[in-house]
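To start, the structure under review is shown below, and the notes come after it.
Please treat every number below as a calculation from the coordinates, not as lab data. Computed from a predicted structure; not experimentally measured. For neighbour counting, all protein chains shown are included, and Cβ atoms are generated from backbone atoms with ideal geometry for every residue, glycine included.
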Amino acid sequence: MNDSQHLDELLASRSDQARRPIEPCTMVIFGASGDLAARKLIPALYHLTVEKLLPEPFRIVGFARREKTDALWRAELREALNLFSRTKPVKDAIWDGFAQNIYYCQADMAESAGYEKLKTLIASFPHEKLQSNLMFYLATNPSQFGEVTAHLSAAGLLKKAEGRVTNERIVVEKPFGQDLASAKALNNELTRFTHEKQIFRIDHYLGKETVQNILTFRFSNAIWERLWNRECIDHVQITVAEKIGVGSRGGYYEEAGAIRDMVQNHVLQVLSLIAMEPPASLEAENVRDEKVKLLKSIRVMTPAQVTENVVRGQYFAGEVDGESRPAYRSEAKVKPNSNVETFLAMRLHIDNWRWSGVPFYIRTGKNLPLGASEVRIQFKSAPNILFAAKDTLDANSLTLRLQPDEGMTLRFNGKVPGGTTELRPVRMHFSYDSEFGAYTPEAYERLLLESMAGDATLFIRSDEVETAWRIVDAIHQAWIGKSLTNREFYAAGTWGPAAAADLLAKSGHEWKNPQPRH
Ligand code: BG6
């Protein structure tokens, strides 16, 4: 597909903004024997059943090569649910009813016979919508996307939507490409048989309650908008810290590194929600337009700017919570002299009217002391003229804690009671749990419902993916052939390499680490 056809599809997506009611539907999972179905998809669908949110009737078909019967697959999924369900114990009465809707289609993704078998199975379902309202979930390697959609199309199961009504959708997981060129190639492959508006690209961060709440928080409260700009904000820090190491995913991680695994998608998504302009409405395309506009305003770095603004890190052996962790270079399937980053910190510049001159610092890493994601808005200091403690007076900050212990904290200075003018920073804290009770639906529950409803707000549009790759590619290319320096290694269980602290110190800033909350 050429660029102008692509643009046509984007424009057509914009004109089809109506969210449809959730109707009876069949969901086909390709790569059904994999981890994703057992860990995420089936638990999410089970909970949607518990909450009576799934359409009635509903069918799930697992498409995979291994020989097994419906009964065996159901039994395997039941066992996995015991492990991965967010609520326990699993309710037998609900599972038994839910499991009746699960079918297994043993077939090879590469052969057309399998798709004919799938077609026959779908045609046997006892409701017109179950036969026509189809969601294809590609939990496969991206290299198979083209093949699967071509076969689905040849079998008449997937029709490229030309008009307004879309009956078939495909849902795809990250990684969406390895760089801009491969992402474009993937987009082109998918859009041979589907229209852009039929493609739902998942970034599970967008399914997280607190990430969605960024927009509500910013745009339903008039007070923030007045402060949300370069006049009042000194800088912004976004930290997505993980306690886990690379574990058994060394092979994948060697190709990805933190920049492709976390920054290209999750971190840039959070950043775009924090920094975007108010959308014209909350319709999918209006929100996505603003996110793309913001991503396009992020300065794409030259190699010299990468050296100046980006720090890689890699963990060596250490301890997290008293448990010893091996060095990244000793993890399974990792090269012993690997320069792949397990940590990344950078300063981004957003060249637009609102943010010009405000640094956005982002960092993410594995094997850090705490698993927590936070956005810290650091406001400018008050003019330091009135108080004796002026040199130590704290600038105000607002921290949005995205996970865990979701909440927000506003930090300001208060007078210590007594006859002096001693000041001390104090905090005002809002916690989701205390206010609304513990309610933490899995991101996939929301994302599956939205894709059934055909609402693309929480999914990534092709131009969004490509713009994010443009930013990331420039950085990645500047690293080619460069080894990590000593200041870029960190012990597992620490907050990253010394070079990450240097990066902020150059501008008189310092990282504020997320704190455990009780
Ligand atoms: C995934 C990455 O997309 O996100 C993983 O591939 C990472 O490496 C995970 O651990 C983090 O997600 P969450 O929801 O645990 O913050």
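Across the range 260-266, computed HN-Hα scalar couplings (Karplus, 6.51 cos²θ - 1.76 cosθ + 1.60, θ = phi - 60°) run 8, 6, 10, 6, 4, 10, 4 Hz from first to last residue, x flagging Gly and Pro.
Semi-axes of the range 405-477's equivalent ellipsoid from the Cα gyration tensor, sqrt of 5 times each eigenvalue, largest first, rounded to whole Å? Spell out each step's value before the answer.
Values: eigenvalues 348, 115, 15 Å².
In descending order the semi-axes read 42, 24, 9 Å.
Amide H contacts for A107 (H built 1.01 Å from N in the peptide plane; partners 5 or more residues away or on another chain; cut-off under 5 Å): A64, R65.
P(r) tail for the range 453-493: Cα pairs beyond 11 Å make up 76% of the total. Quick one: Debye curve from the alpha-carbon atoms of the range 321-384 only, equal weights, vacuum; give me log10 I(q)/I(0) at q = 0.18, 0.20, 0.28 Å⁻¹ to two decimals. Each listed q corresponds, in turn, to -0.87, -0.96, -1.28.
Using alpha carbons only, how many angstrom separate the centre of the range 208-281 from the centre of the range 473-518? The range 208-281 and the range 473-518 have Cα centres spaced 18 Å from each other. Distances between placed amide hydrogens fall under 5 Å for Y490 paired with Q314, Y315, F316, all partners being 5 or more residues away or on another chain. Working from the Cα coordinates of the range 354-506, the gyration tensor eigenvalues give, after taking √(5λ), semi-axes of 35, 27, 17 Å in decreasing order.
If you take the Cα Rg of the chain and divide it by 2.2 N^0.38 Å, with N the number of residues, what do you get?
Values: Rg = 24.3 Å, N = 518, 2.2 N^0.38 = 23.7 Å.
Scaled against compact globular proteins, the figure is 1.03.
Sort out the exposed loop chymotrypsin sites (Phe, Trp or Tyr not before Pro) in the chain (DSSP loop, at most 14 other Cβ within 10 Å) and tell me the longest stretch that has none.
Values: sites that count: W353, Y439.
It runs 1-352.
Compared with the rule-of-thumb size 2.2 N^0.38 Å for a compact globular protein, the range 205-343 has a Cα radius of gyration ratio of 1.29. Annotation for the range 186-285: trypsin sites (Lys or Arg not before Pro) lying in DSSP loop with at most 12 further Cβ atoms inside 10 Å of their Cβ do not exist. Note on the range 409-450 and the range 46-108: Cα centroid distance 38 Å, given to the nearest whole angstrom.
Could you give the Stokes-Einstein D for the range 14-128 in µm² per second, using the C-alpha Kirkwood radius, 4 °C, 1.567 mPa s?
Working: Rh = 15.1 Å.
Estimated via Stokes-Einstein, D reaches 86 µm²/s.
Secondary-structure-derived ellipticity at 222 nm for the chain, considering helices only, amounts to -10500 deg cm²/dmol, per-run term -39500 (n - 2.57) for DSSP H runs with n ≥ 4.
Projecting the Cα atoms of F430, G418, S483 onto the dipole axis of the chain, where Lys and Arg carry +1 and Asp and Glu carry -1 at the beta carbon, places G418 farthest toward the positive end. For the range 260-417, the Kirkwood radius over C-alpha pairs fed into Stokes-Einstein at 10 °C and 1.306 mPa s yields D = 84 µm² per second.
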